[in-house]
Amino acid sequence: MSELEGLEFGKSDFVLLDEVTMEQFMENLKLRFVKGRIYTYIGEVVVSVNPYRQMEIYGKDTIDAYRGRELYENPPHLYAVSDAAYKAMKRRAKDTCIVISGESGAGKTEASKYIMQYIAAITNPSQRAEVESVKNVLLKSNCVLEAFGNAKTNRNDNSSRFGKYMDINFNFNGEPTGGHINNYLLEKSRVVQQQNGERNFHSFYQLLRGGSDEMLESLHLQNDPAAFIYTKEGAATATSNNDRGSHKAVMSALEVIGFSAEEINSIYQILASILLLGNLQFESDGESVQILGLEAVTRIAELTATQADSVCKSLLFRTVATGGGEVIEKGHTEQDTCFGRDAFAKALYERLFGWIVSRINSIIEVKDYDPVLHGKNTVIGVLDIYGFEIFDNNSFEQFCINYCNEKLQQLFIELILRQEQGEYQREGITWQHIDYFNNQIIVDLVEQPHKGIISILDEACLTVGNVTDTVCLESMDTKLAQHPHYTSRTLSPTDKSLDFKKHFRIRHYAGDVTYSVDGFLEKNKDLLFQDFKRLMYNSANPVLKEMWPDGQLSITEVTKRPLTAATLFKNSIVALVDKLGCKEPYYVRCIKPNEMKSPVLFDDARCQHQVAYLGLMENVMVRRAGFAYRQHYARVLQR
């Protein structure tokens with residue numbers, strides 16, 4: 001691998017194209033894909049095309065060839081950019097980050113794993129035990145988070161249904177001393193419902209297909225995903241995932257990371273409770289609602305270490321405090337009972353996932369750090385977050401995911417296209433301005449205070465009375481009627497692809513997406529009856545109790561209205577972009593070559609669309625016209 005490529009593989013850096021035209025760019029990209037060269041540079045940016053097959057370019061020999069080398073000494077590779085980020089961090093004590101972006105199924109998760117694997121391989125040559133254990137936890141955490149946070153979608157067999165940003169801390173010697181994982185908006189609606197041909201989270205199928213007979217018996221489960229409402233849709237779906245093998249790997253990873261036997265047991269008891277909850281059936285006689293078959297309730301109570309009658313009560317009644325301080329029990333309708341049960345199942349899974357992340361963090365976070373004693377602590381951040389996606393039915397989750405991708409594209413524009421051009425203009429260097437599409441207008445459409453879609457959603461959630469999704473859509477149509485990137489059937493009456501009172505469309509940087517407003521308000525309110533929180537907080541299982549600290553409030557205590565799901569997500573993404581913005585960024589831009597997951601097909605139109613919306617042509621132009629080497633004065637003087 002270490003010798004440079006021949007001309008038959010095309011240009012290894014798009015900056016070297018004879019002419020910067022879309023035709024030449026696509027020709028070069030296609031030639032390299034066909035010849036099995038999936039990586040190409042634009043200066044320091046790596047363009048990566050998903051090969052949809054195992055490539056023999058990630059072994060120990062390849063790692064050795066890239067270790068400590070400059071970018072231009074070897075053919076383009078993820079390892080080269082990982083090494084560049086590591087060198088900048090070690091030599092110049094700079095915090096760096098590697099931002100991996102691209103649409104769903106373009107290969108982001110795999111790329112992040114190879115980057116982590118490379119950083120682990122080149123550090124700690126002296127094999128110090130405590131550094132090795134940190135590296136092990138960082139690598140094994142991937143396996144666990146993938147099991148609980150990824151699922152098969154129609155776009156991708158191993159789609160990240162949460163966002164992950166991992167900071168790895170290094171000491172002055174450049175050895176990893178710890179880390180921290182931030183997770184963003186898990187798509188918990190998947191727990192109770194999936195689109196046709198999709199699966200629930202991997203963890204359920206791994207347990208049902210890979211759990212030993214005695215384990216499944218103790219959890220009151222059978223090894224057939226078709227037997228449970230929540231996993232039935234995905235039971236017959238063909239997938240490349242080996243659930244049985246993965247279950248073993250996850251169990252072993254949990255042990256290596258440092259989860260205790262009780263904690264591991266609790267994790268699977270919660271998964272089993274969720275599956276059994278989904279199979280509960282209710283009947284109503286018009287007056288009150290009953291649960292059919294109380295044996296299932298007894299099993300759920302046993303798995304959650306609670307009382308069976310408390311489980312029944314939480315499912316069928318709501319405890320409400322009246323103004324005079326009295327406490328009354330209100331019976332649910334059958335519809336409310338099903339809604340409450342599904343909300344409870346989603347919350348159980350979301351809390352479990354959040355707890356797993358915080359438990360991993362408690363093990364790998366740097367303890368007792370003293371800069372005077374230990375020297376400077378620097379960081380490399382790796383971002384692997386859900387890609388832009390368009391489904392047949394796009395709901396609140398896709399809205400959030402696509403907004404997140406708009407924010408990351410904004411960061412790319414700011415750092416790669418805008419700042420550098422601004423710098424040349426400020427320094428009086430003759431410069432022909434290179435135009436690019438600035439997607440700030442779309443970011444504002446979503447997040448602007450008082451006017452943006454999130455504000456309109458929040459306002460609808462705060463309004464007393466029967467505010468429906470349709471009323472909210474009308475409000476959006478009124479306030480956003482003039483916005484060039486927003487439309488709906490009311491605003492475009494002749495557009496038959498949009499339904500009245502149901503759809504709105506956003507012209508995203510990566511294409512038009514039609515969203516169905518059904519369920520938007522319910523998902524934004526993210527309501528869970530306090531009774532369930534109290535039930536879990538009073539569990540005799542300390543692991544479960546720890547996940548529900550908000551269950552300790554007494555019924556009569558008045559609590560502040562919590563922030564909505566969209567606002568919480570927006571705040572976390574704004575904080576993420578700020579975090580990335582103060583580090584030196586390295587970019588991996590992933591491209592999906594076709595929709596068939598085929599290793600030989602290169603769909604020109606699909607690829608050209610991605611190249612266009614990722615702003616890669618503009619990136620080449622700025623890189624070509626700009627200076628190859630740019631440093632601050634102080635740094636030049638120091639050298």
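The values are calculated or read from the model by the stated rules, or taken from the named source; none is laboratory data. Because the structure is a prediction, the values reported are computed rather than measured. Neighbour counts are summed over all protein chains in view; Cβ atoms, including those assigned to glycine, are modelled from backbone coordinates with ideal geometry. Calculation scope for accessible area: heavy atoms of the full protein, side chains included, ligands and nucleic acids excluded. Shrake-Rupley method; radii C 1.70, N 1.55, O 1.52, S 1.80 Å.
Below 8 Å, C-alpha to C-alpha, sequence gap of six or more: please give me the relative contact order for the range 529-593 in percent. It rounds to 20 percent for the range 529-593. Can you work out the FRET efficiency for the pair Glu287 and Arg92, with r the C-beta to C-beta distance and R0 = 51 Å, to the nearest 0.05? The value I calculate is 0.10.
Distant-in-sequence amide contacts of Glu365, defined by a placed amide H-H separation under 5 Å and a gap of 5 or more residues or a different chain, comprise Gly179. Hey, for a label at Thr333 modelled as a point 7 Å past Cα toward Cβ, could you say which residues of the range 282-297 have their backbone N under 16 Å away? From the range 282-297, the list is 283-290. With a cut-off of 19 Å, note down the residues of the range 165-186 whose backbone N falls inside the zone around a label point 7 Å from the Cα of Val574 toward its beta carbon. Under cut-off, by backbone N: 183-185. Against the main long axis of the alpha-carbon atoms of the chain, helix 334-364 sits at an angle near 50°.
Both numbers refer to the Cα atoms of the range 437-494; Rg and Dmax are 12.2, 42 Å. Put a dot 7 Å past the Cα of Asn173, heading toward its Cβ, do the same for Ser492, and the two dots end up 6.1 nm apart. Computed from the C-beta positions of Glu56 and Asp603, the FRET efficiency with R₀ = 30 Å rounds to 0.75. Angle of helix 243-257 to the longest C-alpha principal axis of the chain, folded into 0 to 90 degrees and rounded to 10: 80°. Measuring spread by the Cα atoms of the chain yields a radius of gyration and Dmax of 26.1, 84 Å.
By the Stokes-Einstein formula, at 0.692 mPa s and 37 °C, the range 365-458 with its Kirkwood radius over alpha-carbon pairs has D equal to 191 µm²/s. Across the range 220-311, Cα-Cα pairs farther apart than 16 Å form 66% of the total.
The portion of the accessible surface of the range 389-466 made up by carbon and sulfur, rounded to a whole percent, is 49 (1.4 Å probe; DNA, RNA and ligands excluded). Distances between every pair of Cα atoms in the range 31-91, grouped in 10 Å steps from 0 to the bin holding the largest one, split as 21, 54, 23, 3 percent. With contacts taken as Cα pairs under 8 Å at a separation of at least 6 residues, the chain carries a relative contact order of 20 percent.
For the chain, DSSP calls about 70 percent of its internal beta bridges antiparallel.
Label zone of Gln432 (point 7 Å out along Cα→Cβ, amide N under 17 Å): in the range 594-635 this covers 617-627.
Expressed as a whole percent, the accessible surface of the range 1-52 that belongs to carbon and sulfur atoms is 52, based on a 1.4 Å probe. Rounded to whole numbers, the Karplus 3J(HN,Hα) couplings from phi for the range 456-465 are 5, 4, 4, 4, 5, 5, 7, 5, 6, x Hz, using 6.51 cos²θ - 1.76 cosθ + 1.60 with θ = phi - 60°, and x at Gly and Pro. What pairs from Lys451/Lys560; Lys94/Lys135; Lys188/Lys407; Lys496/Lys570 go past 30 Å between their alpha carbons? Exceeds cut-off: Lys496/Lys570.
The modelled label-to-label distance between Tyr72 and Ala321, using points 7 Å beyond Cα along the C-beta direction, is 6.9 nm.
Taking amide H as placed 1.01 Å from N in the peptide plane, Ile591 has its amide H under 5 Å from the amide H of Ser48, Val49, Asn50, each at least 5 places away in sequence or on another chain.
Per residue of the chain, the DSSP helices (runs of n ≥ 4 H) give a summed -39500 (n - 2.57) that works out to -14000 deg cm²/dmol at 222 nm.
Its alpha carbons considered, the range 55-193 gives a radius of gyration followed by a Dmax of 16.1, 51 Å. How would you classify the range 200-254 from its alpha-carbon gyration tensor, with a ≥ b ≥ c the square roots of the eigenvalues: rounded for a/c under 1.5, else prolate if a/b is greater than b/c, otherwise oblate? Since a/c reaches 1.5 but b/c is at least a/b, the shape of the range 200-254 is classed as oblate.
Measuring nothing but how far apart in sequence close Cα pairs (under 8 Å, 6+ apart) lie, relative to its length, the range 357-440 scores a relative contact order of 19 percent.
When the alpha carbon gyration tensor of the range 264-373 is reduced to an equivalent ellipsoid, its three semi-axes come out at 37, 19, 11 angstrom, largest first. Shown here: the range 146-288, whose C-alpha atoms stretch 70, 37, 35 Å along the first, second and third principal axes, sorted largest to smallest.
With all protein chains kept in place, the per residue accessible area of the chain amounts to 45 square angstrom at a probe of 1.4 angstrom. Eigen-decomposition of the gyration tensor built on the alpha-carbon atoms of the range 404-559 gives equivalent ellipsoid semi-axes of 40, 26, 13 angstrom, largest listed first. Based on the Stokes-Einstein relation at 20 °C and a viscosity of 1.002 mPa s, and on the Kirkwood radius from alpha carbon pairs, the range 532-634 is assigned a translational diffusion coefficient of 107 µm²/s. Applying 1/(1 + (r/R0)^6) with r as the Cβ-Cβ distance of Leu17 and Gln448 and R0 = 56 angstrom yields a FRET efficiency of 0.90.
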